[in-house]
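As structure tokens, the structure follows; a few thoughts come after it.
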2 protein chains.
Amino acid sequence: MKAEILSIGTELLHGKIVDTNAAYLAEKLNECGFDLQSHLAVGDSRDLLVWALKVAAERSDLIVITGGLGPTRDDITRQTLAEFCGVPLELHEPSLAHIRELFARRRIHMPENNKIQAMIPRGATVIPNPNGTAAGFALMNGKTEMISMPGVPSEMKAMFEGWVLPHLAERTGRKGVKITRLLNAYGISESLVDEKIHHLMAPDRNPNVGTMVHDGIISVRINAAGDTSAEASKRLDATEAEIRDILGDVIFGTDSEDVEHAVARLLKERGLTVAVAESCTGGLVAHKLTNVPRISEFFLEGVVAYSNAAKTRLLGVPEALFSTVGAVSAEAASAMADGVRQRSGSDVAVGVTGIAGPTGGTPQKPVGLVFIAVSTRRATEAKEFRFAGPRTMIKDRSAKAALNMLRLALAGCGAP
Amino acid sequence: MKAEILSIGTELLHGKIVDTNAAYLAEKLNECGFDLQSHLAVGDSRDLLVWALKVAAERSDLIVITGGLGPTRDDITRQTLAEFCGVPLELHEPSLAHIRELFARRRIHMPENNKIQAMIPRGATVIPNPNGTAAGFALMNGKTEMISMPGVPSEMKAMFEGWVLPHLAERTGRKGVKITRLLNAYGISESLVDEKIHHLMAPDRNPNVGTMVHDGIISVRINAAGDTSAEASKRLDATEAEIRDILGDVIFGTDSEDVEHAVARLLKERGLTVAVAESCTGGLVAHKLTNVPRISEFFLEGVVAYSNAAKTRLLGVPEALFSTVGAVSAEAASAMADGVRQRSGSDVAVGVTGIAGPTGGTPQKPVGLVFIAVSTRRATEAKEFRFAGPRTMIKDRSAKAALNMLRLALAGCGAP
């Protein structure tokens, strides 16, 4: 089965926006067994959209379309698709009710032009949009199915996973089963992972094994194929066990799990509480931790102490320390972690201090120098790191390293 | 003059890679005055590449192609382009010398298969690649010029800026110039923006105006065309002024600016300091603010007070408040903002409390209910918000709303 991805939006052709939807859809459609022919992006123009639909429909069984379902005048996907398929648009009452409810919940008046977002080509099946106002739809045109969703990534993804994915699985009725799992690792380089598991990475091996890097996390990808889901699972599990044996505790989680999820799981398993003291990460460690649902049971507080005065007042870091070893030091990180742990009464705590740049570096303490300390009731351990890249990348890598130190400390301590 | 962008590479259709070249080229081609028709991505397949060249060449004067110029077996752009244009490949000696030199400089033996990277279709002009081994080339096919460059962004950009840009300027005689600007707004719905500036959004108007939404931010896109860059600028500025007049202070910045950049700019302009007290946003407001370089001059501290005990100890929120109006209330948000402002000694402060979900909601206080307060030396103002979506989205929208309230308060106060 052949498929195409079609992105609609003049902004995509002006270079201010990088289209991330296409990469997401490409991965998902490949997983569903579709043979992806092309990704096409055109502006909000009737003629170009008709051209794109025509060239894409010529050879493919499926066209997944994103964008152009907004309420404004330049959004023309809905109308053009209906016209291309030779059917009128009709009001879909449940979608209109959903739009009204979204506005009511946010206590804002619904402008009249939002009504268009509940209009659906006759004969199409509605794809519900839990995160937004634009209804999507699926429509057959000859042998080609056209699936239209909004371009807002959070809306599109929820619709794809909630409706499109099960729908495609049913439609393809796939005989062979393919399962993918990612094993996520931190604190090791991709080339070292490659060296250690090279013997499992032959191109035609089943399960097939590869590596990828994203935002400082190394993921080992395992693709297992089988006639049944049980068979594929069994193969995948065996390869996963082998890789875990080799790589050990650098693996912190699977699939979309991030280091903070591993930390939250360990806190829960061990019944421990945590607090965070940050300087250069500026709240990012706390933000990542509080992205995990129900973390409020284990996360007590975070302090972002940018100024030295705040480090002393909020965390009890001795003032003398700033004039001797300085605020960017192992001692300061330790004092921050100890301070927030003792004051909050938490079982464990982490302290982060460093220079995120682009200014503020010196030859002795360059941009990217970061100290991280983990404090438990038993001991406090500090480590020095050197990160490269722009400010936001140094913040991100520092926060990941802090969470990883927290994870390893939690894994090591059976009880507080 | 019409143009197309064509990206070649099987990896682009497997979703592990986001194609950033297309956004870069789109912006540059628009600036050169080209009317970009589509962006097309296909895998390293002869048939698909021929198809893409055919549909793109049908209507356009220029096709900019990236990818598929590597030395390996799956790189087929060079051969397929020559075949499509009906000319043979010929060795380009200076390019081969350049490749040999690059290998010699890195003290590695040059594999035989790298020679193919110096082969050029007969009649083509070579585009030098200062950063890599693959030579690019420009080739006329009928009225369409085909420009082929490697997909590695650093190589492609150097080649585009060093050779393609001057070449296109000469070819077009720089008669047309196009400029794009985004005006970013917060605190208004896309449909309301549309209602207010609908009269400026006619499809064939110059400047052309459209709207788009990304992560809760509404952007008004203005594209202005002119014979000279001064003429296009003048037109763009006039339309921008008109839109700013209509939309007023919901516009906080341009192009890639976020709300935190507007806040940082106002803090700097007015010489004021800020502190942050967060509950449901869990550090995200502080994180966003500290993404701005040099914010350390204006940002004093942030407190993430998840537990009630932390709200009282760190921010001075009266305990009695929790049993009367509750921790999720306008009163609590105000007490948090006042507390962090007074204790840190900052000029302004923001407090955020709410229910990010997915659990913890009640019929009276549902998931998505958020109170935000801004405290200045003159007054404290609190507002109630209702956000929808998953936990991370509620955190993001709450943080943006908090920064926006901060922005409006800062814009309003001439002096602290």
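The values are calculated or read from the model by the stated rules, or taken from the named source; none is laboratory data. Model, not experiment: these values are computed from the prediction. Here the Cβ is made from the backbone with ideal geometry for all residues, glycine too, and neighbour counts use every protein chain on show.
Condition check ((1) more than 15 Å from residue B:403 (Cβ to Cβ); (2) surrounded by fewer than 16 Cβ atoms within 10 Å (Cβ to Cβ); (3) modelled with pLDDT of 95 or more) across all residues:
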{"site": "B:324", "(1), (2), (3)": "yes, yes, yes"}
{"site": "B:337", "(1), (2), (3)": "no, no, yes"}
{"site": "B:353", "(1), (2), (3)": "yes, no, yes"}
{"site": "B:362", "(1), (2), (3)": "yes, yes, no"}
Considering residues of the stretch B:366-385 that are modelled with pLDDT of 95 or more and either of a type in the set (D, E, K, R) or not assigned by TED's automatic domain parsing to the domain that holds residue B:329 (or both) only, the residue farthest from residue B:307 (Cα to Cα): B:381
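For the stretch A:100-108, check the following and say yes or no: at least one residue is of a type in the set (D, E, K, R) and more than 28 Å from residue B:383 (Cβ to Cβ).
No: the stretch A:100-108 contains no residue that is of a type in the set (D, E, K, R) and more than 28 Å from residue B:383 (Cβ to Cβ).
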Meets criteria (without any contact (Cβ under 8 Å) to a residue 40 or more places away in the chain, within 9 Å of chain B (Cβ to nearest Cβ), closer than 24 Å to residue B:339 by Cα and outside any helix (DSSP H, G or I)) for residue A:276: no
Filter result for residue A:42 (modelled with pLDDT under 90, under 31 Å from the mean Cα position of the chain (by Cα) and of a type in the set (A, V, I, L, M, F, W, C)): no
When you scan the stretch A:241-262, how many residues do you find that are farther than 12 Å from residue A:292 by Cβ and either modelled with pLDDT of 95 or more or not polar (S, T, N, Q) (or both)? 13
Does the stretch B:90-112 contain at least one residue that is buried (at least 21 other Cβ atoms within 10 Å of the Cβ) and either more than 37 Å from the chain's Cα centre (by Cα) or within 22 Å of residue B:4 (Cβ to Cβ) (or both)? no
Scanning the stretch A:14-27 residue by residue, those within 15 Å of the chain's Cα centre (by Cα) and either aromatic (Phe, Trp, Tyr) or surrounded by fewer than 18 Cβ atoms within 10 Å (Cβ to Cβ) (or both) turn out to be A:20, A:24, A:27
The correct count of residues that are on the phi > 0 side of the Ramachandran plot and at the interface with chain B (Cβ under 7 Å from one of its Cβ atoms) in the stretch A:14-48 is 1
Across (1) surrounded by fewer than 16 Cβ atoms within 10 Å (Cβ to Cβ); (2) touching a Gly at 6+ places or on another chain (Cβ under 9 Å); (3) outside the structural domain of residue B:203 (by TED's automatic domain parsing), residue B:271 clears everything bar (2)
Search the stretch B:211-245 for residues being out of contact with any strand residue (DSSP E or B) (no Cβ under 8 Å at 6 or more places or on another chain) and surrounded by fewer than 15 Cβ atoms within 10 Å (Cβ to Cβ), and hand back the single one that is nearest to the other protein chains (Cβ to nearest Cβ). B:215
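To keep it simple, each residue is scored yes or no on (1) in contact with an Asp or Glu (Cβ under 7 Å, 6 or more places away or on another chain); (2) within 23 Å of residue A:14 (Cα to Cα).
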residue	(1), (2)
A:25	no, yes
A:38	yes, yes
A:43	no, yes
A:49	no, yes
A:64	no, yes
A:67	no, yes
A:82	no, no
Looking at the stretch B:341-357, I want the residues that are free of Cβ contacts under 8 Å to residues at least 60 places away in the same chain and have a partner that is surrounded by fewer than 24 Cβ atoms within 10 Å (Cβ to Cβ) with Cβ atoms under 6 Å, at least 6 apart or on another chain. Which pairs are those? B:357/B:367; B:357/B:391
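Quick check on my filter: what residues within the stretch B:174-188 are under 22 Å from residue A:117 (Cβ atoms) and crowded, with 20+ Cβ neighbours inside 10 Å?
We begin by selecting, within the stretch B:174-188, every residue under 22 Å from residue A:117 (Cβ atoms); these are B:185-188.
Of everything in the stretch B:174-188, those that are under 22 Å from residue A:117 (Cβ atoms) and crowded, with 20+ Cβ neighbours inside 10 Å turn out to be B:185, B:186.
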Just for helices (runs of 4 or more DSSP H) wholly inside the stretch B:301-416: which have at least 3 residues that are within 34 Å of the chain's Cα centre (by Cα), within 11 Å of chain A (Cβ to nearest Cβ) and under 24 Å from residue A:103 (Cα atoms)? B:391-412
Which residues, counting only those in the stretch B:280-293, are under 20 Å from residue B:263 (Cα atoms), part of a loop (DSSP other than H, G, I, E, B) and either touching a residue at least 24 places away in the same chain (Cβ under 8 Å) or not assigned by TED's automatic domain parsing to the domain that holds residue B:398 (or both)? B:281, B:282, B:291, B:292
Name the residues in the stretch B:197-210 that are more than 7 Å from chain A (Cβ to nearest Cβ) and crowded, with 17+ Cβ neighbours inside 10 Å, would you? B:197, B:200, B:207, B:208, B:209
Do we find that residue A:120 is within 9 Å of chain B (Cβ to nearest Cβ) and over 29 Å from the mean Cα position of the chain (by Cα) in this structure? no
Checking residue B:182 against (1) more than 30 Å from residue A:293 (Cα to Cα); (2) assigned to a helix (DSSP H, G or I), the condition it does not meet: (2)
Do the conditions hold for residue B:193, that is, is it part of a helix (DSSP H, G or I), surrounded by 15 or more Cβ atoms within 10 Å (Cβ to Cβ), touching a Leu at 6+ places or on another chain (Cβ under 8 Å) and not basic (Lys, Arg)? yes
With criteria (1) at pLDDT 95 or above; (2) surrounded by fewer than 24 Cβ atoms within 10 Å (Cβ to Cβ), residue A:294 comes up short on (1)
Could you please give the count of residues in the stretch B:257-267 that are without any contact (Cβ under 8 Å) to a residue 40 or more places away in the chain and either closer than 15 Å to residue B:214 by Cα or within 14 Å of chain A (Cβ to nearest Cβ) (or both)? 2
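Condition check ((1) more than 30 Å from residue B:250 (Cα to Cα); (2) modelled with pLDDT of 90 or more; (3) small (Gly, Ala, Ser); (4) out of contact with any His (no Cβ under 6 Å at 6 or more places or on another chain)) across all residues:
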position: B:123; (1), (2), (3), (4): yes, yes, yes, yes
position: B:153; (1), (2), (3), (4): yes, no, no, yes
position: B:185; (1), (2), (3), (4): no, yes, yes, yes
position: B:192; (1), (2), (3), (4): no, yes, no, yes
position: B:196; (1), (2), (3), (4): no, yes, no, yes
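Is it fair to say residue B:11 is closer than 26 Å to residue A:57 by Cβ, over 30 Å from the mean Cα position of the chain (by Cα) and within 13 Å of another protein chain (Cβ to nearest Cβ)?
no
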